[in-house]
Amino acid sequence: MPTRRPVLVLLALLAFCLAGCGGGAKSTSSEGGGSVPAGAKLVRAGVLAFVAIDSDLSSDQWQQLDTLSQKFPGRDKAIAQLKGSLTQQGVEYDRDVKPALGPEVDIAVSGASLGSTNVVALTKPDDPDKFKALVAKLNAKDSSGDRAVYRQVDGWYALSNSQAAIDDVVESSGASLDGNQSFSAALDKLPGDALVKAYVDGQQLNALIGRASAQSGSTLGASALGLDKLKYLAASASAEDDGIRVRGASKGATPGAGDFSSTLMDGVPDDAFAFLTFDGKGTSDQLEQLKSKPLVGRALAQMQAMLGVSFEQVLALLRGEIAFYARPGLGIPELTLVLEEQDVNGALATLDKLAARLAAGSGGKVVPGQQGGHDVKTIDLGRFAIHYGAVDGKVVLTSGASGIADYGASGDHLADSADFKDAKDAAGLPDSNGGFVYLDLKDALPMLEGLAALAGQDLPAELTENLRPLRSLLAWSAGSGDTRTYDAFLEIK
């Protein structure tokens, strides 16, 4: 049976913790700390997932988050709305919620299938009587007919929709989660201090996917998804001096192409407000493995008939570094794709076939020309055009009339821009990584306002003012072998 409304409401009350935050903030570290949540000792090893939430309003993390939130003009209004929603549940935060929660709230999930999961919340309340009163009040307000129940365990309280669910999750005589090697290794990849930490047992997830695939008759099980050897997935969200960091970690999943230093970024103009790069080899290798699946094989045959090129020819385009970027254009942004190719002539021949098929199917035409001394072909689709050609051993496809000429041209480039360097320093982006995405949110906002104006609309002033503190977003992966970390950092100033 799934967890019903009273339990979900209690967990949702954590969102109101921000309303009580205040005081001076302290710096927090993004380095791995491996601290094990106290509630893990109450949960049996082998649960599907475990989430630990910092509910101590005096902690460095909540203080840091409060400092960041004060940069947004809509903060006080949002808090007032949250308090109003809380009042609708018949409770007040300071009187009913705060004393009913301990410094940590944990959620454990187990289950034999997606439709029969058990969810249990655990906390060590500052005032046990307040916890009991809060559960009673939420049960009284619930109209689903499914009451929340709880059990005291070593000073903690386990809350769920049934005692059977608590029996399934709470450790009684066997091994507990805090002693599990994969659990400890996963947490060691996350920041020591975090607002939220989450863990998924890879083998339990594999079993769940296997059972779901068998029930549905699908052939795309864990092995097809590259998860059959997965040991764990983990993630956290933490507040830092300059923004919010989300970190993930995995071990045992099919590894990608490994870390590298981007060379394609060197040619990107400095006015690009979005940039993405990754090594295509890992992706193309995984796609090639999928073609042995009957359903995938049939789809590939249809794709080949439609595109006029083989699956192998398409994969050949994607085996080097791949970069994509967006920069301001006339009316709409200019989009550009850059491919690192070992056989440039072969890649261009494949693109010629794709261009001819696209033009024939849309009533357009392919026109030869030049940009900045480079031979270019243009797929003229009437109101829209795609240009492609080779630049210094790389293949470039762009929507911009001068996009090919501008790539690699003399002048300022994105890698050397002050905004990118600032974002890189704030986020801690390593030079060698498994690929990354960069968004210049500061410069993207005026462009969005301009696009809205072209459409005869104005973005609400309240929205734009609350977007201005957002400076950049950087996300990347890193690691070696089958152990990877994944970071996303939202810079706020």
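Setting aside same-chain residues fewer than 8 positions from Lys442, which lysines have a Cα under 17 Å from its Cα?
The reachable lysines, counting only those whose Cα sits under 17 Å from Lys442, are Lys71, Lys421, Lys424, Lys493.
In nm, what is the difference between 0.36 nm times the number of residues separating Asn345 and Ser143 and their Cα-Cα distance? Write down the numbers at each step before the final one.
Working: separation 202, 0.36 × 202 = 72.72 nm, distance 6.78 nm.
That pair, Asn345 and Ser143, stretches by 65.9 nm at full extension.
Just the number please: accessible area per residue for the chain, 1.4 Å probe, all protein chains included, in Å².
In whole numbers, the chain has 47 Å² accessible per residue.
Measure off, as a whole percent, the carbon and sulfur share of the 1.4 Å-probe accessible area of region 54-136, all protein chains present.
Roughly 52 percent of what the probe reaches on region 54-136 is carbon or sulfur.
Any chance you could look up the accessible area of Lys124 with a 1.4 Å probe, heavy atoms only, rounded to 10 Å²?
Accessible area, nearest 10 Å²: 100 Å².
Starting from the Cα of Lys251, draw a straight line to each of the aspartates and glutamates and keep only those under 13 Å, dropping any in the same chain fewer than 8 residues away.
Qualifying aspartates and glutamates at Cα under 13 Å: Asp188, Asp201, Asp228, Asp482.
From the C-alpha coordinates alone, can you work out the Kirkwood hydrodynamic radius of the chain, in Å?
Result for the chain stands at 25.9 Å.
Find out how many positive minus negative residues lie around Val437, taking Lys and Arg as positive, Asp and Glu as negative, among other residues whose Cβ is under 13 Å from that of Val437.
So the surrounding residues net to -1.
May I ask you to give the average projected area over all directions of the convex hull of the Cα atoms of region 385-493, in nm² rounded to one decimal? Don't skip to the end; give the middle numbers.
Numbers: hull surface 39.6 nm².
Dividing the Cα hull surface by four gives the mean projection, 9.9 nm².
Using a probe of 1.4 angstrom, how much of the accessible area of region 371-493 is carbon and sulfur, in percent? Let's see the in-between values first.
Details: 3150 of 5830 Å².
The nonpolar share, carbon plus sulfur, comes to 54 percent.
With every protein chain left in place and a probe of 1.4 Å, what is the accessible surface of His374, to the nearest 10 Å²?
40
The values are calculated or read from the model by the stated rules, or taken from the named source; none is laboratory data. Everything numeric here is computed off the predicted structure, so don't read it as measured data. In this analysis, Cβ positions are derived from the backbone assuming ideal geometry, glycine residues included, and neighbour counts consider all displayed protein chains. These accessible areas exclude ligands, DNA and RNA; they are computed on the full protein's heavy atoms, side chains included. Shrake-Rupley method; radii C 1.70, N 1.55, O 1.52, S 1.80 Å.
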